1. What fraction of the Cα pairs in region A:1-150, stated in percent, has a spacing above 23 angstrom?
2. Report, ordered by chain and residue number, the aspartates and glutamates lying within cross-link reach of B:LYS46, taken as a straight Cα distance under 15 Å and ignoring same-chain residues fewer than 8 apart.
3. Note down the relative contact order for chain A as a percent, whole number, built from C-alpha pairs under 8 angstrom at least six residues apart.
4. Could you calculate the contour length gain from A:ALA99 to A:ASP216, that is, 0.36 nm times the residue separation minus the distance between their Cα atoms, to one decimal place in nm?
5. Taking the 0 to 90 degree range and rounding to the nearest ten, how far is the long axis of helix A:151-164 tilted relative to the main principal axis of chain A, both from C-alpha atoms?
6. Sticking with the crude label model, points 7 Å out along Cα→Cβ, report the distance from A:CYS233 to B:ARG172 in nm, one decimal please.
7. What whole-number value in cubic angstrom gives the convex hull volume per residue for the C-alpha atoms of region B:58-204?
8. Efficiency by 1/(1 + (r/R0)^6): what FRET value for A:GLN69 and A:SER16, r their Cβ-Cβ distance, R0 = 22 Å, to the nearest 0.05?
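The numbers here are math on the coordinates, done by the rules we state, and not lab data. These figures come from a predicted structure and were not determined experimentally. Neighbour counts run over all protein chains shown; Cβ positions are idealised from the backbone, glycine included.
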Amino acid sequence: MFTIDQLSLQLPMYASWWKREWATCLNDVSLTFATGEVHALVGASGAGKSLLAYAMMGLLPAQARLQGQLYYQGTLLDASRQRRLRGRELALIPQSLSALDPLVRTQRQVAWAAQRAGHATESAWRASQQALDHYQLNARAQQAYAHELSGGMARRVLTAMAHVSQARLVIADEPTVGLDPHQRQRVLTALRELADQGKTVVLITHDLRHALPIADQVTILRDGKSIETAPACAFQGAGTSLSSTYSQALWRALPDNGFTVSMAQPVDKETVVA
Amino acid sequence: MLEAHQLGFQFLSGEPLLSGISLTLRAGQWVGLSGDSGAGKSTLGKLLAGYLTPQAGEITLAGMALPDSGIQPVQWLPQSPELSVNPRWRVGRILREAWTPSEAQCQAFGIHPRWLSRYPQSLSGGELQRVCVLRALAPGIRFLIADEISTMLDPITQVELWQALQQEAENRQLGVLVISHDSALLKRLCPQRFHLSSGQLKPW
């Protein structure tokens, strides 16, 4: 449905005023996101997760050096097509809550998103009402400004905007950071629902443990490289069905599992089975 | 020994947040504190570190009140490191604000010498958090209040940070109060755990 083919990305870094160096942020990443699935992109900070999302949406700074191809529904996705589809078929739920307009009430912002997707003014207002009700944002939250919303509510407003935009591909960038367990569950459930409605959901997170229950596929990113893509059910037990040592180490470092860092001595698959 | 005795606290505009809270933290002891958002976990942490003054009850350190000035023997480590550093200071100056950690200590906390000449904005949250934790471990420190310090870290960095802190606490017999939502993490770190709800502590 959405395919990333050998994508590499370099961004300029200034070592001093006049000395420019190119930092490789993504290195030969190839991924496929299928329709109706939640695909989690997991990695430490600085692994290039958000940059991958920006590359998919065409939101990288102009000086970025990008190699490789993107395909959306089998057709090449170039910059002009990205611009056309952005906010309509491709939606990004950004990490920063400052993406909300501080001077506009919640419902109007959601209605704007609906209008962008092709609704007429009146039906956009109705659609925004339905979407906000669906995400359990009450009348007070609908009339609130962004700074009056809690972190969890603001996330749900952003999710509602992706919902009304009728997007077929929704990228959620760290949607659960700073939320308490109850709020986190609500946001993740909302994303799972989007996938169950036949959309493709890309969930960017560093929180492997809470992504697993709602994810179908998990891709581990590290230093701009895609280390491994595995079905979510591979993350269980001692993690021996994972093929790379880094994913195994990540899995075993969770407090529920070993809470150890065992990168130095990768466990041999055969010995564990025996 | 850090003791809180029958603490009561409320903000100006609200109803009582904490009432009749008693908690003891001994040298070298790890105690876990969980609770829902808004239950008052961070407020209790700030009270213990002297950032807030309780309206009822008292906090004593080895039988005496907390000192008014100088390096505080009870240090509070906040959730967001980027809010607790001066953006105009380089990382090296931030790290050495209260004391100068040895190279071995920097290494144990995974602090790269290259970072020291950079500004805090150019470090990731996890990197900066490790700098802030080590900064707080000046020689006079006896107790740490770790308030959600590993929430934004990936699992491997999280383990590394806690292992370094456990080692340091063991060497110096620091008492640590770990505040977290993550019950699995608290079970790993703390033999003694409390849940804070409706202003009361319940052991679990």
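1. The share of Cα pairs beyond 23 Å in region A:1-150 comes to 51 percent.
2. Within the straight-line cut-off, B:LYS46 pairs with B:GLU3, B:GLU58, B:ASP68, B:ASP147, B:GLU148.
3. So the answer I get is 23 percent.
4. 39.3 nm
5. Approximately 70 degrees, to the nearest 10.
6. 5.0
7. 133
8. Efficiency, from the Cβ-Cβ distance: 0.05.
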